[in-house]
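Visitor: Quick one: the structure is below, questions incoming.
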Amino acid sequence: MKRLNPKYIRIAAYILVPLILILLIGGYVAYSKRGALLEKAIDKAKLKAKRDYNLDVKIGSARFTGLSTVSFSDISIVPDGRDSLLNIKNFVVSVRIMPLVLGEVKLSDVVLQDGFIHLIDKNGVKNFDFLFKKKKDSTATDTKADLSNIAHNLINEVLYKIPDNLALNNFMISFKSDSAQLKLLAQTALIKDGQLSSTIKVNDGEATWHFAGKMHPSDKDIDVMLYADNRQKVELPFIEKKFNLKLNFDTLQTKLTKEDHSSGETSISGSWSVKNLLIHHPGISSTDIVFPEAAIDADVKVGTNYVSIDSTSTIHVKKLTAHPFIKYTLNPVKIYELKLNTGWLNAADMFDSFPTGMFDALDGIQVAGKLNYHMNFFMDTSKPDDLIFDSGMDKDNFRILKFGRTDLTKLNSPFIYTPYEKGKPMAPHLIGPENPEFTPLQQISPNLRNAVMTAEDPSFYTNHGFVMEAIRKSIATDFKTKKYKRGGSGISQQLVKNAFLSREKTMARKIEEILIVWLIENNRIMTKDRMLEVYFNIIEWGKNIYGIAEASHYYFGKAPSELSLGESIYLASIVPYPKGGLYAFQPDGSLRPGLHGYFNLIGKLMAIKGYTARDTNAYGFYEVRLRESLRRQIAPVDTATADSLMKQGGADDDSILPVVEEPVKRPNFFQRLFGKKDTTEQKAEEKQKQKEQTLKEQIKAQIEALKAEYKLKIDAVDTTGGRTRKEVRQEKRRLRNEEDEKEKELKDKMP
């Protein structure tokens with residue numbers, strides 16, 4: 001082995017020794033001056049907090065207790081004119097030397113004793129609103145922010161603020177608003193040798209939570225579980241009060257396994273799992289929904305202008321697995337992409353994995369074979385009409401072995417149909433030949449069959465229960481108008497909803513409806529003719545008017561086989577809003593002019609299909625006349641009021657075609673829960689006032705209509721023969737008392 005030349009050794013010594021001496025001298029000077037440097041840094045921080053955020057920061061004492069350890073006492077932060085935000089009795093923090101040399105602050109050890117953070121939101125005034133103030137950047141340009149860099153920096157900032165070792169005692173975080181309150185008291189929290197353990201009291205002892213698991217933030221390796229004492233549920237009452245969402249679970253586990261940034265993309269790998277997750281929200285379901293086991297192994301990608309969940313991710317719900325792809329592109333235009341594919345699964349595993357309480361009608365069903373569900377959605381918000389939507393389920397030897405709670409074949413023979421109004425059962429109807437009101441399909445006017453199919457489901461006889469093009473157009477229309485203007489449910493879906501399900505407008509009911517339609521259509525449980533026949537005999541056509549026989553006699557005094565083209569188009573128009581049917585007429589029995597356009601629309605579509613001849617006279621609009629005995633119930637009202645009354649109490653707003661004029665906006669659950677909110681309390685109050693004013697106007701219109709109705713009834717008493725004057729007075733008095741009671745009921749609903 002060749003020996004080093006002594007000459008080179010001497011040269012190296014001449015260079016290194018002075019450098020080491022300089023570092024030692026600099027270190028000694030820095031060490032001796034560190035107290036002054038600390039005070040200067042604290043003063044600078046206080047000034048910045050006051051100047052930028054209007055915060056009064058006080059520190060009782062601050063001193064070095066080691067080479068890189070600082071001890072603080074009596075720390076307080078109070079926003080100007082607001083309640084105290086933070087107070088800490090003792091706080092000791094150490095940083096790692098090497099990251100500090102490289103310009104990064106990585107916490108090594110933290111000791112915190114006796115402190116609190118109080119978040120207050122009272123009467124629109126927050127003591128933490130400074131957090132939302134944007135910092136002014138004089139160097140900022142119009143260049144869009146790089147989301148991948150932001151994500152990478154944010155993750156590292158968070159992880160670097162988690163110490164390698166933590167000892168926390170008696171620290172409370174509380175939140176108090178006008179409607180909710182939450183207290184979390186961390187009695188202990190300890191991170192030692194990469195292991196986390198903690199004990200947290202919730203709301204003065206209502207529950208005890210624990211965070212426990214592996215915590216190696218420097219290595220980006222985290223595996224933490226949240227659970228409650230004594231096998232209790234982790235309850236989240238704050239969320240329930242705030243969003244009317246009941247949410248609890250046994251355990252929640254979070255894992256972070258990888259974070260990498262390269263080539264303009266940040267990749268984050270991890271998993272989230274939950275056991276016995278219970279969800280209850282009136283927008284989701286009327287009952288509790290329970291997921292015994294649910295998890296996602298997620299690969300999240302953050303690019304310069306997009307966030308996505310990669311298709312390598314996997315969703316697990318008991319035995320059910322699916323691979324999602326979700327991507328949201330922010331600029332230059334917003335683009336939404338969603339794909340879901342289960343791959344081929346055992347049908348029994350799929351049905352057994354449905355959450356408890358979600359599909360009550362299918363509870364207990366037994367199936368065999370294989371199924372594969374796939375869905376593809378793409379929308380460029382600058383071109384919503386070109387959106388892509390496709391959803392379907394493939395089957396391989398799929399069959400139903402046994403029906404569960406609901407026998408889906410019951411509609412093939414006579415059955416009892418019980419309609420519901422606001423959750424209450426109405427008078428039952430026998431759907432079968434034994435009922436004189438039952439009308440076989442062949443005895444229903446072709447005009448009516450064709451008019452209703454044209455309005456509700458033009459491809460009824462050729463589709464498999466769903467009209468993808470109609471659903472696609474519905475999504476595009478609703479997005480463009482920002483309102484629920486056009487539905488996408490065909491006749492099969494409406495039949496299933498009426499025959500097997502409640503009328504509640506929930507997400508679970510809608511998904512259950514779709515699944516039952518698929519089962520009926522793909523297993524040929526019913527013929528199309530039978531489906532249409534039952535549909536016409538059970539749907540609502542007016543207040544307490546069920547079935548086409550009742551409807552045709554009620555409105556026109558004739559049998560369903562005798563309905564004209566105009567009468568048929570009118571009946572088709574009220575299918576989505578049956579309770580407002582009478583308001584389509586004027587006191588003389590003719591139709592309101594506002595329906596003229598609807599008649600032309602449906603009539604032209606029927607003519608194109610060859611169902612009727614082309615007509616320049618609005619396809620029977622001018623020949624429609626309400627049965628004379630009903631005309632006295634029609635009070636003179638203006639067009640706007642009539643439109644409003646027609647839309648009240650709609651039984652089905654899911655029709656494929658829009659009805660007369662657009663329905664009122666109905667935001668879905670996710671919009672209500674996570675949608676963009678007004679930035680000020682004033683806007684929220686104005687919106688509420690507008691709703692109340694609209695309701696007042698509707699009630700006033702109902703009162704006017706009520707008065708007009710009873711005026712006609714009271715006037716009619718005078719013309720009634722065979723009564724004495726006393727009997728006439730008594731009858732009028734009875735009618736006036738009845739009118740007063742109903743008017744009082746309406747006024748009680750006034751906001």
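Visitor: Taking Asp390 as the residue in question, decide whether it is in contact with a His (Cβ under 9 Å, 6 or more places away or on another chain) and at negative phi.
Guide: yes
Visitor: As an exercise: evaluate Ser198 against (1) under 31 Å from the mean Cα position of the chain (by Cα); (2) under 27 Å from Leu154 (Cβ atoms) and give the number of the one condition it does not meet.
Guide: If we test Ser198 against (1) under 31 Å from the mean Cα position of the chain (by Cα); (2) under 27 Å from Leu154 (Cβ atoms), just (1) comes out false.
Visitor: If you don't mind, there's one more thing I want to ask. Looking at segment 401-422, I want the residues that are within 14 Å of Tyr546 (Cβ to Cβ) and touching a residue at least 60 places away in the same chain (Cβ under 8 Å) and have a partner that is hydroxyl-bearing (Ser, Thr, Tyr) and not in a strand (DSSP E or B) with Cβ atoms under 8 Å, at least 6 apart or on another chain. Which pairs are those?
Guide: From segment 401-422, the pairs are Tyr420/Ser502.
Visitor: Does Ile315 satisfy the condition of being aliphatic (A, V, I, L, M), closer than 27 Å to Ala508 by Cβ, surrounded by 15 or more Cβ atoms within 10 Å (Cβ to Cβ) and without any contact (Cβ under 8 Å) to a residue 24 or more places away in the chain?
Guide: It is true that Ile315 is aliphatic (A, V, I, L, M), closer than 27 Å to Ala508 by Cβ, surrounded by 15 or more Cβ atoms within 10 Å (Cβ to Cβ) and without any contact (Cβ under 8 Å) to a residue 24 or more places away in the chain.
Results for (1) out of contact with any Phe, Trp or Tyr (no Cβ under 8 Å at 6 or more places or on another chain); (2) within 17 Å of Ala559 (Cα to Cα), shown as yes or no for each residue.
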{"residue": "Asn435", "(1), (2)": "yes, yes"}
{"residue": "Phe438", "(1), (2)": "yes, yes"}
{"residue": "Pro446", "(1), (2)": "no, yes"}
{"residue": "Pro458", "(1), (2)": "yes, no"}
{"residue": "Asn463", "(1), (2)": "yes, no"}
{"residue": "Ser489", "(1), (2)": "yes, no"}
{"residue": "Ser492", "(1), (2)": "no, no"}
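Visitor: If you take the residues in segment 339-355 that are in contact with a Phe, Trp or Tyr (Cβ under 8 Å, 6 or more places away or on another chain) and in contact (Cβ under 8 Å) with a residue 40 or more places away in the chain, which one is nearest to Ala295 (Cα to Cα)?
Guide: In this case the residue turns out to be Pro355.
Visitor: Separate question: Could you tell me which residue of segment 551-586 is farthest from Glu540 (Cα to Cα), considering only residues that are among the polar types (S, T, N, Q) and open to solvent by 20 Å² or more (accessible area, probe 1.4 Å)?
Guide: It comes out as Gln586.
Visitor: Under 8 Å between Cβ atoms, at least 6 apart or on separate chains: pull out the pairs that start in segment 537-552 with a residue that is farther than 18 Å from Arg449 by Cβ and part of a helix (DSSP H, G or I) and end on any residue that is open to solvent by 10 Å² or more (accessible area, probe 1.4 Å) and modelled with pLDDT under 95.
Guide: Matching pairs, first to second residue: none at all.
Visitor: Do we have Ala427 as open to solvent by less than 60 Å² (accessible area, probe 1.4 Å) and among the small types (Gly, Ala, Ser) here?
Guide: no
Visitor: Condition first: open to solvent by less than 10 Å² (accessible area, probe 1.4 Å) and either part of a loop (DSSP other than H, G, I, E, B) or closer than 15 Å to Ala584 by Cα (or both). Now tell me which residues in segment 602-635 satisfy that.
Guide: Those that are open to solvent by less than 10 Å² (accessible area, probe 1.4 Å) and either part of a loop (DSSP other than H, G, I, E, B) or closer than 15 Å to Ala584 by Cα (or both): Val624, Leu626, Leu630.
Visitor: Every residue in segment 92-132 that is at pLDDT 75 or above, part of a strand (DSSP E or B), among the hydrophobic types (A, V, I, L, M, F, W, C) and under 42 Å from the mean Cα position of the chain (by Cα), please.
Guide: Of everything in segment 92-132, those that are at pLDDT 75 or above, part of a strand (DSSP E or B), among the hydrophobic types (A, V, I, L, M, F, W, C) and under 42 Å from the mean Cα position of the chain (by Cα) turn out to be Val110, Val111, Leu112, Phe116, Ile117, Leu119, Ile120, Val125.
Visitor: I'd like the full set of residues that are over 24 Å from the mean Cα position of the chain (by Cα) and among the small types (Gly, Ala, Ser), limited to segment 455-473.
Guide: Within segment 455-473, Ala455, Ser459, Gly465 meet the criteria.
Visitor: Could you please find all residues in segment 223-267 being touching a Lys or Arg at 6+ places or on another chain (Cβ under 7 Å) and closer than 30 Å to Ser285 by Cα?
Guide: Glu240, Asn248, Phe249, Asp250, Thr251
Visitor: Quick check, is Thr257 free of Cβ contacts under 8 Å to residues at least 60 places away in the same chain and either open to solvent by 50 Å² or more (accessible area, probe 1.4 Å) or at positive phi (or both)?
Guide: yes
Visitor: Please go through segment 188-218 and give me each residue that is open to solvent by less than 50 Å² (accessible area, probe 1.4 Å), under 21 Å from Val93 (Cβ atoms) and not in a loop (DSSP other than H, G, I, E, B), ordered by number.
Guide: Scanning segment 188-218 gives Ala189, Ile191, Leu196, Ser198, Met215, Pro217, Ser218.
Visitor: I'd like the full set of residues that are in contact (Cβ under 8 Å) with a residue 60 or more places away in the chain, in contact with a helix residue (DSSP H, G or I) (Cβ under 7 Å, 6 or more places away or on another chain) and not in a helix (DSSP H, G or I), limited to segment 575-601.
Guide: Val575, Tyr577, listed by residue number.
Visitor: Kindly establish whether Glu434 is over 35 Å from the mean Cα position of the chain (by Cα) and of a type outside the set (Lys, Arg).
Guide: yes
Visitor: A follow-up question, please. Inside segment 239-267, can you point out the residues that are more than 23 Å from Val224 (Cα to Cα) and polar (S, T, N, Q)?
Guide: Listed by number, the residues that qualify are Asn244, Ser262, Ser263.
Visitor: While we're here: For segment 564-612, what are the residues that are of a type in the set (D, E, K, R) and over 15 Å from Ala551 (Cα atoms)?
Guide: Matches in segment 564-612: Asp588, Arg592, Lys604, Lys609.
Visitor: Identify the residue in segment 341-357 that is open to solvent by 30 Å² or more (accessible area, probe 1.4 Å) and under 18 Å from Glu512 (Cβ atoms) and, among all such residues, is modelled with the lowest pLDDT.
Guide: Per the stated criteria, the residue is Thr356.
Visitor: Would you point out which residue out of Asn156, Asn149, Asn170 is at pLDDT 85 or above, on the phi < 0 side of the Ramachandran plot and surrounded by fewer than 17 Cβ atoms within 10 Å (Cβ to Cβ)?
Guide: Going through Asn156, Asn149, Asn170 in turn, just one is at pLDDT 85 or above, on the phi < 0 side of the Ramachandran plot and surrounded by fewer than 17 Cβ atoms within 10 Å (Cβ to Cβ): Asn149.
Visitor: Quick one: which of Ser286, Ser308 is hydroxyl-bearing (Ser, Thr, Tyr) and open to solvent by 20 Å² or more (accessible area, probe 1.4 Å)?
Guide: Ser286
Visitor: Scan segment 370-382 and tell me whether some residue there is without any contact (Cβ under 8 Å) to a residue 12 or more places away in the chain and not polar (S, T, N, Q).
Guide: Taking every residue of segment 370-382 in turn, none turns out to be without any contact (Cβ under 8 Å) to a residue 12 or more places away in the chain and not polar (S, T, N, Q).
Visitor: Something else now. Those residues that are of a type outside the set (Val, Ile, Thr) and open to solvent by 20 Å² or more (accessible area, probe 1.4 Å), I need them from segment 373-384; list them, please.
Guide: Listed by number, the residues that qualify are Tyr373, His374, Met375, Asn376, Phe377, Phe378, Asp380, Ser382, Lys383.
Visitor: Whether any residue in segment 415-427 is part of a helix (DSSP H, G or I), in contact with a helix residue (DSSP H, G or I) (Cβ under 7 Å, 6 or more places away or on another chain), within 27 Å of Lys579 (Cβ to Cβ) and of a type outside the set (Gly, Ala, Ser) is what I want to check.
Guide: No, there is no match, as no residue in segment 415-427 is part of a helix (DSSP H, G or I), in contact with a helix residue (DSSP H, G or I) (Cβ under 7 Å, 6 or more places away or on another chain), within 27 Å of Lys579 (Cβ to Cβ) and of a type outside the set (Gly, Ala, Ser).
Visitor: Quick one: in segment 222-235, of everything that is assigned to a strand (DSSP E or B) and open to solvent by 50 Å² or more (accessible area, probe 1.4 Å), which residue is farthest from Ser269 (Cα to Cα)?
Guide: Filtering first and then ranking leaves Glu235.
Visitor: Then there is this: Answer with yes or no whether Ile471 is out of contact with any Asp or Glu (no Cβ under 7 Å at 6 or more places or on another chain), without any contact (Cβ under 8 Å) to a residue 40 or more places away in the chain and either not polar (S, T, N, Q) or not in a loop (DSSP other than H, G, I, E, B) (or both).
Guide: Spelling it out, it is not the case that Ile471 is out of contact with any Asp or Glu (no Cβ under 7 Å at 6 or more places or on another chain), without any contact (Cβ under 8 Å) to a residue 40 or more places away in the chain and either not polar (S, T, N, Q) or not in a loop (DSSP other than H, G, I, E, B) (or both).
The values are calculated or read from the model by the stated rules, or taken from the named source; none is laboratory data. These numbers were taken from a predicted model, which means no experiment stands behind them. Backbone-built Cβ (ideal geometry, glycine too); neighbour counts: all protein chains shown. SASA here: full protein model, heavy atoms, side chains in, ligands and nucleic acids out. Shrake-Rupley method; radii C 1.70, N 1.55, O 1.52, S 1.80 Å.
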